[in-house]
Amino acid sequence: MLKRERLNQILKMVNENGIVTAAQIMEDLKVSDMTVRRDLDELERNGKLVRIRGGAQSIDYNIDYELSHIQKSTIKAHEKMEIASYAASLIQDDETIFLGPGTTVELLASLISDRHIRVITPSLPAFEMLKESFEDRVILIGGSYRSTTGSFVGPLANKMLSSLKFSKAFISCNGIADDEITTSSMAEGELQALACKNSRKTYLLADSHKFNREDFYVYYDLYNIDELITDSSVSQDVLNHYGEFTKIVQTKGDKN
């Protein structure tokens, strides 16, 4: 492959994914680490991308804009259901679980309406799915309402959550970069971090497009998560990289 073709291919990868790692470029283009570093440096000098730790970011990638709840629900819908189905299989009767904000966690809520468990959640959509069948076994955390995710957050929510303990916590994120789990809302991140600290086991539900992405607020470390559950479309390169920080469970759907 000629250098010009290689640079164009790298730029295409970055623009399509928002963030791409040097390891991904090496695997896809079959080039050395030194070549990737030189190419990324050149593309940055020419104003084509932004260098970040371990890779590059598109100049159009904006961490300050968060998709709406409806927009998020349409992204990787099949993959999210794969993840939710596996997560549901981990829940045992009589457990107390925390369901965080996020569309994948909402799918999980839709799958457990017949289970004999207690659920604590700040998510209004998850609460609405469970309130009829759970009666006094579902608790909605109160606080300031965040319409982007349909969840309650803030000091009141944190105060209530600080007194509660969980068998398992299921959380989500907007991005994962190396060992950092990120989201766009500091208040939402603080709430999920608190739930993780108060839970015996923590599970991060993240579809393939969450990897190698960064958002505004780092709220937890990947190595403190018991399991990261992701979908069948994640590449082996990504699994190998993030498997250095935590245990990864990949669902067994049809791979592309």
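Key figures for this structure:
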read-out: Pairs, first free of Cβ contacts under 8 Å to residues at least 24 places away in the same chain in the stretch 236-249, second assigned to a strand (DSSP E or B) and not hydrophobic (A, V, I, L, M, F, W, C), C-beta under 9 Å, six or more apart; value: L239/T230; L239/Q250; K247/E227; I248/E227; I248/T230
read-out: Test: residue in the stretch 7-19 that is outside any helix (DSSP H, G or I) and open to solvent by less than 80 Å² (accessible area, probe 1.4 Å); value: yes
read-out: Every residue from the stretch 167-189 that is open to solvent by less than 10 Å² (accessible area, probe 1.4 Å) and closer than 19 Å to F245 by Cα; value: A169, F170, I171, C173, G175, I176, I181, T182, T183
read-out: Subset of the stretch 149-193 [outside any loop (DSSP other than H, G, I, E, B) and free of Cβ contacts under 8 Å to residues at least 24 places away in the same chain]; value: P155, L156, K159, M160
read-out: Qualifying position, being in contact (Cβ under 8 Å) with a residue 60 or more places away in the chain, assigned to a helix (DSSP H, G or I) and more than 23 Å from the chain's Cα centre (by Cα), among E44, E27; value: E27
read-out: Hits in the stretch 114-125 (condition: out of contact with any Asp or Glu (no Cβ under 8 Å at 6 or more places or on another chain) and either under 15 Å from E79 (Cβ atoms) or among the hydroxyl-bearing types (S, T, Y) (or both)); value: T121
read-out: L99 vs. criteria touching a helix residue (DSSP H, G or I) at 6+ places or on another chain (Cβ under 8 Å) and within 16 Å of I229 (Cα to Cα); value: yes
read-out: Yes/no for S162 being closer than 13 Å to A88 by Cβ and not hydrophobic (A, V, I, L, M, F, W, C); value: no
read-out: Some residue of the stretch 136-148 being under 17 Å from the mean Cα position of the chain (by Cα) and in contact (Cβ under 8 Å) with a residue 12 or more places away in the chain; value: yes
read-out: Residues within the stretch 139-172 that are closer than 25 Å to G55 by Cβ and at pLDDT below 95, tallied; value: 0
read-out: T148 surrounded by fewer than 20 Cβ atoms within 10 Å (Cβ to Cβ) and closer than 29 Å to I19 by Cβ; value: yes
read-out: S199 being under 13 Å from L99 (Cβ atoms), under 10 Å from the mean Cα position of the chain (by Cα) and of a type outside the set (A, V, I, L, M); value: no
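The values are calculated or read from the model by the stated rules, or taken from the named source; none is laboratory data. Remember, it's a predicted structure, so these values are computed and weren't measured experimentally. Cβ atoms come from the backbone with ideal geometry, glycine included; neighbour counts cover every protein chain shown. The area values use the complete protein model at the heavy-atom level, side chains included, leaving out ligands, DNA and RNA. Shrake-Rupley method; radii C 1.70, N 1.55, O 1.52, S 1.80 Å.
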